[in-house]
Structures are given as C-alpha cells and as structure tokens.
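Only one structure is covered here, and it is reproduced in the block below.
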Amino acid sequence: MAQTTNDIKNGSILNLDGQLWQVIKFQHVKPGKGPAFVRTTIKNVLSGKIVDKTFNAGMKMDFETVDNRTLQYSYDDGDNFVFMDMTTYDQIMIPKSLVGDKAKYLLEGTDCIVSFHDGTPLSVELPASVVLTVTHTEPGLQGNRSNAGTKPATVETGAEIQVPLFIGEGEKVKVNTEDGSYLGREN
C-alpha cells in the first residue's frame, strides 16, 4: 500500500528496493530555505544493519504490514528455537540469529512478541525483564571491594550477570533483558 513520508512513525516497516527496513526514529525538518524533508534512522529487518536516510517530504513510499504475535518459548532445537502459539498450539521454528544475544535470558515458558511478514519471522522481542535463579556465585566478602559492591553470578540460563554482594546461590533475581543488568530480588 503506497503512502507518503508524512505517514512515517517509529516502528513502521518500509519496503525500500525490495528490502524491509524498520524506522527506529524520524524527524520532519522544515528548513528556512528549500523544501521540507524527513530524516530517519532505519534498521534492516533481516541483517540488523542501521543506516541514516533522508527522504523528500510528501514522497510516496511502500509501507509493509507486520503481524505481531505473542508466542511462548518451548525449547532449543539446535539451529532453531521452538516457540508455541498458545491459541492454535502450533509449534514455530525461529532461527537463533533472530534472537541474537538475548537468547541468554530466554527461559522455557517465556512469552515473547514475534513479528512476521508474509509468514516469515522477522524479529523476536523478549519481555523487558525476566526472573532467573542464581545457580553459582562466590560468597560476598565485606571489605573485599574494588568496585561498588557487586560480584559475578551465573543464572539458570548460563548467563553471567553482576549482582550485589548479599545475593547467594538459589535466590531469584530480576534481570533486564536489554543490557543484562540486575534489577532486584524476587520472592
């Protein structure tokens, strides 16, 4: 469906030269001299490459519709992660490359938002935070501080995060899936 640059919004999917690009941010610019234009930062949906691109205001563009579905992570199948659609109970194979580094925070039963275009998975979005159990950490010694009172800890998914000295093995901690930072204890 052809629309113009005036319809660009954050998260829009554009079809440029047969490739899909997601708008990360945009700005409509009206300089004192010359015509208006739209400055965008876009990300290639398949490769993840990020570029800045400028379009003339009012230029016709091809927008693509993307189907966002909530799927539950089931298990790791070697090259793919297997997700289940909880409404149809279909099992859907998602390539590991789509999850990327966030896979270390992926726990069985986690609900994720998966974007599809024409039946092809484009991206996987994990929840903002997950609760994980600490499986290994050294005891925290008071006075033995070279930093702000944190120590490394390994969680049940195998990821290593920094936690405060008072956290012990077997405790549940809340972890930010964007940067792997410790957000607090969970009961």
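The values are calculated or read from the model by the stated rules, or taken from the named source; none is laboratory data. None of the values given here were measured: they were computed from a predicted structure. All accessible areas refer to the heavy atoms of the entire protein, side chains included, with ligands and DNA or RNA removed. Shrake-Rupley method; radii C 1.70, N 1.55, O 1.52, S 1.80 Å.
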Seminar exercise, completed: Filtered hits (lysines, Cα-Cα < 27 Å from residue 172, offset >= 8 within chain) -> 96, 102, 104, 151
Seminar exercise, completed: Highest GNM mean-square fluctuation among 140, 170, 18, for the chain with Cα springs under 10 Å, belongs to 18
Exercise. Roughly speaking, to the nearest percent, how much of the chain's 1.4 Å accessible area is carbon and sulfur?
Worked result: 47
Seminar exercise, completed: Largest fluctuation, 40, 54, 88 only, Gaussian network model of the chain with Cα springs under 10 angstrom, belongs to 88
For this session: May I ask you to list the lysines whose Cα is less than 24 Å away from that of residue 60, ignoring any residue fewer than eight positions away on the same chain?
Result: 9, 25, 30, 33, 43, 49
For this session: Would you calculate a helix-derived [θ] at 222 nm for the chain, using -39,500 (n - 2.57) for each DSSP H run of n ≥ 4 and dividing by the full residue count, to the nearest 500?
Result: -500 deg cm²/dmol
For this session: Express the relative contact order of the chain as a whole percentage, based on alpha carbon pairs under 8 Å and six or more residues apart in sequence.
Result: 14
Exercise. Top mean-square fluctuation among 76, 17, 62, Gaussian network model of the chain, C-alpha springs under 10 Å?
Worked result: 17
